[in-house]
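First comes the structure, then the notes that go with it.
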Amino acid sequence: MKVVVATSISPFIDGGATQIASWLTQALREAGHEVDFFQLPFSPLYSEVLDQTLAFRLIDLSDRGERLIAIRTPSHLLRHPFKILWFIHHHRTAYDLWGTRYQDFPNTPEGICYRDAIRRADAAAFGEARRIFCNSGVMAARIKKFNGVDAEVLYPPLLRPEVFRQDNCGDYILYVSRLTHHKRQWLAIQGMLHTKTQVRLIIAGQPDPDSRVYLRELETLAQSKELGGRVSIIPRWIPEQEKIDLLANCLASIYIPLDEDSYGYPSLEAHHAGKAVITATDSGGTLELIRDRENGFVVPPDPEAIGRAMDELYRDRNLARTMGERGRRRIGELGISNEKMLQKLLS
Amino acid sequence: MKIAWFTPFSEQSAIGRCSALVVEQLKRFAEVDIWHPKSENLRASTVRTVRIDRPEEIVPANLAGYDLLVYNFGNYLPFHKDIFEISQRSPGIAILHDFVYHHFFAQYWLTYRNNPEAYKLTMERRYGQAGRREAESSLARKNPVLWETDRVVDYPLFEDIIGRMYGVVVHSNFFAEKVRACYPGPVTRLPLPYDIPQTPVTLTRADLSVPEGSILLVTIGHLNPNKLVHQIIEVLGRNRDRLKEIFYVAVGPCDPAYQERLQALVTQFDLRAKVRLTGYATDELLTAYVSHADVCINLRHPSFEGASASVIEEMLHGKPVIVTNGAFCSELPDDCVLKIRPGQEAEELPNALHRLIGDGAARSRLGANARNYAREQFHAERYVRELLPFIREVREGIPLLQLTDRIAVELNHMGATAGMDIVQSISRHMDELFSPPRTGLTDRTPI
Amino acid sequence: MKVAVVNNGVPFVKGGAEYLADSLTRKLEEFGHQAILVRIPFAWEPPNKIVESMLACRLLRIPNVDRVIALKFPAYYIPHPEKVLWLLHQFRQAYDLWGTPFQGLPNSPEGLAIREAIIKTDNTYLTQVRKIYTNSEVTSKRLMTFNGIDSTVLYPPLLETTHFTCDGYGDYVYFPSRITQSKRQHLAVESMRYVRSNTRLIVSGKEEAPEDLVRIEKLIKDHRLAARVTIINRFISEKEKSDLFSKALGCVYIPYDEDSYGYVTLESYHARKPVITCDDSGGTSLVVKDGMTGFIVPPQAEALADAIDRLAADRRKAQIMGEAGYDLVGQLRISWDHVIANLTA
C-alpha cells in the first residue's frame, strides 16, 4: 500500500511525535509498504499559529497514496480523502494548559480568538478523519473532554523491542531519560537518601539545552555524603547499545516524570528487558502500563516511599525478576506491537 | 485595556464633544488616549491627548502599544482626513457619525489629493458602472455635481471608510441596517451620547430681542438646504393668518447662496418682523435660543446624518421638536417628538405648528417626554455600558481578520486578481477551518 | 549553524533534486552543522493548486534555524530572514517552457493569470533573500532573462567521491544513466555497429518506459550486437557503478540538451576516465573539453564510434584525458567545501 506519513516538527528539538512518526515509517516500509514521510516545520509561537494552520490546510495530498497517517498537529489538517489521525497531543496551551502558567496566548479577547480558532480547526480535522487514534488513555480522555470525540487508544511500540535483553539482576536502579526538571531525577535521588540497603541508582540521559543549572543541582545532590557514592549520573546522550547493556544488567528501572501524557518509551524498554518499573502516582500515562506490585511499583511522589520500593527490590531479587517478567507479559496484554499498530492503522 | 481614541477635539466639533463625554466614562474601564488632528480651540481633557502632526508617519508600529484603536468619523474633511488616512493603515473600530461621506471623499480625492481617477475608481468599486458614470458626469460638470443633489444618499461612500475596519458603531437602526448590508464584520447601534451645558442661561428673551408674547420657533445647526429652512419660511408666509403669534429664528452659519435665497423668501412673504437669520452664533447664544424656544423645528430631507445631535440637544432641553419622519428621527418614540412625513412639509407643518402653538399643555407634555427619554437614552454612561461588550466581541474577531489581511497582502504580492480561484478557495478553507462568523476576504482584499 | 534545507516534495517521486537535497543535508552535517531536510509537498493539478502551494509556503514558518537553504519553486518562498537560494530551477512551465508542448499550464485566461502570478511572486520574493546561487549557467541565465535577477553559479558536486577509483583502462566504454529517449542510449548502441576496435559498450540503468528498452533491444538484435553491448537493466548500487567505472576505458554520456553537466561526467572523472559527449548535449560542455578531457562529437553513430576507437587506439592518451578531467573538476571548484562555505557564509 502507498502511505504518506506526516507530522509537524520543531527543527532540532526532538519530540515524541517525531520518534513515533519515523518509527512508524520504518515499520511500514519493513512490512513492504511504499511510504513517503513528511516532517513539516511548525513554530508554536501563538501569533503565527493560525497562518501555519492555514498553510497546512493548503497542502493537498489528495491524489497521493492510499492513506495519509497524520501524527502531530496541525498535520491533521493536510488534505487527503483517506486520512487517519494518530493524535499525539493538542496544541496544549489552547486546551488543558489554558489558564495555567504555561498559557502563551494573551489573556485577552484576542487570545480567546486564537484559542477558539485552533479548537475549531481541530474539530474540522476530527470531522473529516476516517479513523482517530491517540497514544494513551490520558489523551483519549482529553480528546473526549475538549473535542467531544472518541479516539481509540493505540499504544506506540518500540521499533525494535527484540534488541532488549535480560542478563543479570544487578544492584542498581536505572533512570534513562532526558535530564530535565519535570522528569524528576531529583526525586529519585531523594528516594535514595531514604534507602537502607546498598542499592545503587544510575541516572543517564542527555541534559536539555537549558538545564545546566538543573544538572549541577543533581550532581550536588548525588554527592551527598549519606549516599556514599551510590548514585552516578551519566549526563549525555546514551547510545542504543549502551542503553541495552545498562538495562540488561539493572535491578529495575525507575520512571517518575510529572504528569506525562503517555507511558513513555523508558518504561516500555525496561519491560522488554524484563525489568520492573517504579513510577509515581502522579506520573500520568505510566499508570496505564504499570500496576502497583504487579509489574513494578506505583508509589506516591515522596522520597520515603520511593526509597522503600528501591529497598524492597534490592532485598528480594526474585520479586524484581517476577515483576519484570510480568512487565513483558503486560506489553502483550496491551497489544503493544508493530504488527498490531500496522493492522489498526491500515485497517 | 489600552485604547487610542481618534477624534476631532476642537470645541467646534460636535463629534469632539461627544468623544469627550464618552472618554470620561470609558476611562473608568480602560486606559484611553485621545488622538486628535491639529486644530484651534482644543477641548480640555482628563486623559492624555496626542496631537497628530504628521499623519503619514503614524503606522501600525507606532500604535502597537494599544489593544484597540477607535476612530470617529464625520464628513468634514479638515477634521477627519488625518483620522481617515491613519485608519486605513491601522484598522480598528469605526464610529460613523454621519451616513453620507460623499462630500468628504469628493473633496478628499478631487481637491486634497487632486486625484480624480481615484474618485472614479472608488465610485466604481462601490457602485459599479452606475457609480462610475455618476462620477464621470460630475467631473465633466454636465449636471449639478452629484454631491449637491439629493441623489447623493444613494452613493453615501461610508463603505469606503469601513471596508478594512474590525467593527462598526452607528447611532441609529436605519444606518445599522445599511452597514450590515455591505459589511461582514460586527456592527452595533448605540444611542449617541450628548449633554447640554449645566450653566444656567443668563440671557433673557428680552436680551435676545424676541417680541414679547410671541411663540418662539427655533431651528439650530449648520443651515444647509436639506434642513429645509426655506420650506419653513414659506410655510410661515403662506399661513400667516393661522400662525399669528410666532417668531422664528434660524440659528447657525449658512453658505452665502442659501442665505440669499432665504432672505429673498423673507422679503417675498414680508416676514422681516417675524423671521430672523442669525448667521454663526456662539454656543452661549445658541443655547439661549434653544432654552427660550417654545417649539424647535428640526427637519432633514434628505438626511446625511447617522444621528442628529441637534435633535437630541433640543430634547434634552425639554422642548417639543418637530422632526422629519425619516432616518434617525423616525426611530424616536411617537410621544417624544412630532413627526411629519418627508416631502409633505407644506401640508403637515402648518397643522403641526398650529396644534402646538394653540396647546401649551401639549407642548409641555411633549417636551417633558422628550427630556426624560433623551436623558435616559443619550447618556455616555449607557453608551459605554453597551460599547464595552461590543469591544470585546470585536477583539475576539481581530486575530482572524488580521490573518485575512496578511493573506490579502500575500495575494496582492502575487498579483492575484479577484476572479482567480485562489480567492474563493482560500475563503472556503478559512471557513472550513475556523468557521469564523465573518472574515469576508473578498471585501478585504485590496484588489 | 542550524540549517534547514528546504525543497519541495512530490510524494513518492525522487529525482536529481531530491538526491541533491539529501546530499546537501548529509554534507552539512559532515561539515559540523546541524541540518534538517524539509520537504514541502507540491501539487500542480488542477493549476489552482500551484497558487495554493505558493501561498502555503508563504504562510509556513521555520523556527529554530539560523539559515535556510531553499532549492526549488515554490518551497523557496518560505519566509526566513537568513535565507539563501541554491536554485535548481524555477517553475519552467511559466518561463522557457511556456509556448512549448511542455507548457503544462492551460492556455486560458486562468492559465495566463497563474503564469503572471508565478512571475510576479518570483520577482517579489527572489529579491528578498540573502543571496541566490544556482546549479548552472543555464539556470542563472534564465533567471536573468526572465526576472532580471543576478545570481552566482555553484556547481553541485557528487555526494561521495572516494569510492571512485581507477583500475586501468579496459576494453569497454560505460554509459550509466536512466534509460530513456532523451539520454540517447540508443545512439550509443547504434554506434557500436561502426566501432572497429574490439571495444564493448556497457549500459546500466532502469528504463523510464518499457518502449525505451524495447527499442534498444531491437537495435541489438537487428545488428547482432549482443556480444559487444551489455545492458544492465536495473538500479545498480554505488559499488557496482564504481567497479564498472574503475575498469572502463572511458565514459559515454550523450543526453539531449540538458541544463547541467550531469553527475555521470563527474563520476567518470573521479575514476580518471575521459568522457565522450555530443555537441548538442548542453551542460556537459562545461566539463568536457574536446581532446583534453574527452571528445565532443556530433550526435551521429559514426562520429561516436570514431571517438570510441580513438580512445581504444591510445590508452595512454585516455589516461591523460581522464586525469585532466579530474583536475578540471577541481579547477571548477565542484566540491562540497566550496558549496558549503558559500551557502553558509
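Read-outs: derived from the displayed coordinates by stated rules, not from any lab. Predicted model only: the values in this text are computed from it and were never measured. With ideal geometry, Cβ positions are generated from the backbone for all residues, glycine too; neighbour counts draw on all protein chains shown.
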So what's the Cα pair-distance distribution over region B:1-136, bin width 10 Å, in %?
12, 40, 32, 14, 3
Footprinting exposure proxy for C:Cys278, A:Cys250, B:Cys182, B:Cys254 (fewest neighbouring C-beta atoms within 10 Å first)
B:Cys182, B:Cys254, C:Cys278, A:Cys250
Where only alpha carbons of region B:348-397 are counted, the Rg and the Dmax (Å):
18.7, 55
Got a sec to turn the phi values of region B:111-121 into Karplus ³J(HN,Hα) couplings, 6.51 cos²θ - 1.76 cosθ + 1.60 with θ = phi - 60°, whole Hz, x for Gly and Pro?
9, 5, 9, 6, 9, x, 4, 5, 4, 5, 4
For region A:66-79, in residue order, the Karplus 3J(HN,Hα) values (coefficients 6.51, -1.76, 1.60; θ = phi - 60°; whole Hz; Gly and Pro = x) are 8, 9, 10, 10, 9, 9, 9, 4, x, 5, 5, 9, 4, 8
In nm, give the distance between the simple-model label positions of B:Asn224 and A:Glu333, each being 7 Å from the Cα along the Cα-to-Cβ direction.
8.4 nm
Restricting things to Cα coordinates, could you compute the convex hull volume per residue of region C:86-211 in Å³?
175 Å³
Along the three principal axes, how long is region A:5-118 when you take its alpha carbons, biggest first, rounded to the nearest angstrom?
50, 27, 21
Restraint check, C:Lys120/C:Lys141; B:Lys2/C:Lys83; C:Lys83/C:Lys273, Cα-Cα greater than 26 Å:
B:Lys2/C:Lys83; C:Lys83/C:Lys273
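What does DSSP give for the protein assembly as shown in terms of the percent of beta bridges that are antiparallel, rounded to the nearest 5?
Values: 3 of 130 bridges.
Just about 0 percent of them are antiparallel.
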In µm²/s, what is D for region C:220-309 at 25 °C and 0.890 mPa s, where D = kT/(6 pi eta Rh) by Stokes-Einstein and Rh is the Kirkwood radius from Cα pairs?
176 µm²/s
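Tally Lys/Arg at +1 and Asp/Glu at -1 over every other residue whose Cβ is under 12 Å from the Cβ of B:Leu433; what's the total?
On the way: positive: A:Arg57, A:Arg79, A:Arg119, A:Arg120, B:Arg428; negative: A:Asp51, A:Asp116, A:Asp122, A:Glu128, B:Asp431, B:Glu432.
Local net charge: -1.
So for chain A, Kirkwood radius off the Cα pairs, Stokes-Einstein at 10 °C and 1.306 mPa s: how many µm² s⁻¹?
On the way: Rh = 21.2 Å.
Estimated via Stokes-Einstein, D reaches 75 µm²/s.
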Distance between modelled label sites at B:Thr111 and C:Asn107, nm, 7 Å Cα→Cβ extension
5.5 nm
Distance between region B:386-432 and region C:212-267 - C-alpha centres, whole angstrom:
56 Å
In Å, descending, principal axis extents of the Cα set of region B:252-381:
43, 31, 28
Angle, helix B:77-89 long axis vs. longest principal axis of chain B, Cα atoms, 0 to 90°, nearest 10?
20 degrees
Taking amide H positions as placed in the peptide plane 1.01 Å from N, state which residues far from B:Arg276 in sequence (5 or more) or on other chains have amide H under 5 Å from it.
B:Tyr248, B:Val249, B:Ala250
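Estimate the FRET efficiency between A:Asn168 and A:Glu325 by the formula 1/(1 + (r/R0)^6), using the beta-carbon distance for r and 22 Å for R0, to the nearest 0.05. Don't jump to the answer; show the numbers that get you there.
Working: r = 15 Å, r/R0 = 0.68.
My answer for the efficiency is 0.90.
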Quickly work out the B:Arg428-to-A:Asp282 label distance, labels modelled 7 Å from Cα along the C-beta direction, and quote it in nm with one decimal.
5.1 nm
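Based on alpha-carbon atoms only, what is the radius of gyration of chain B relative to the globular estimate 2.2 N^0.38 Å?
On the way: Rg = 23.4 Å, N = 447, 2.2 N^0.38 = 22.4 Å.
Its radius of gyration relative to the 2.2 N^0.38 Å reference: 1.05.
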Amide proton proximity set for A:Arg200, modelled H, under 5 Å, gap of 5+:
A:Tyr172, A:Ile173
Backbone N within region C:174-217 under 13 Å of label point (7 Å from C:Asp257 Cα along the Cβ vector):
C:182
Would any residue of region B:314-348 have its amide N under 20 Å from a label point 7 Å out along Cα→Cβ of B:Ala361? List them or say none.
B:319-321, B:335-338
Using Cβ contacts closer than 10 Å as the measure, can you line up B:Tyr280, B:Tyr373, C:Tyr269 from fewest to most?
B:Tyr280, B:Tyr373, C:Tyr269
Plugging the Cβ-Cβ distance of B:Lys142 and B:Arg240 into 1/(1 + (r/R0)^6) at R0 = 41 Å yields, to the nearest 0.05, a FRET efficiency of 0.50
Residue by residue, what Karplus-based ³J(HN,Hα) values in Hz, rounded to whole numbers, does region A:42-54 have, using 6.51, -1.76 and 1.60 with θ = phi - 60° and x for Gly and Pro?
8, 9, x, 4, 4, 6, 10, 5, 5, 4, 5, 4, 5
List the pair-distance distribution P(r) of region B:327-430, using every Cα-Cα distance, as the percent of pairs falling in each 5 Å bin from 0 up to the bin containing the longest distance, rounded to whole percents.
2, 9, 11, 11, 9, 7, 6, 7, 8, 8, 8, 6, 4, 2, 0
Farthest positive-ward along region C:223-345 dipole, Cα basis, beta-carbon charges - from C:Ala312, C:Gly294, C:Cys251
C:Ala312
Enumerate the aspartates and glutamates that C:Lys241 could reach by cross-link, defined here as Cα to Cα under 17 Å, with residues fewer than 8 away along the same chain left out.
C:Glu160, C:Asp167, C:Asp171, C:Glu207, C:Glu267
In square nanometres, what is one fourth of the surface area of the convex hull spanned by the alpha carbons of the protein assembly as shown?
59.0 nm²
Selection from A:Gly332, A:Gln241, A:Ser267, by position along the positive dipole direction of region A:238-341 (Cβ):
A:Gly332
Calculate the translational D of region B:1-81 in whole µm² s⁻¹ from Stokes-Einstein, where the hydrodynamic radius comes from the Kirkwood formula applied to all Cα pairs, the temperature is 4 °C and the viscosity 1.567 mPa s.
101 µm²/s
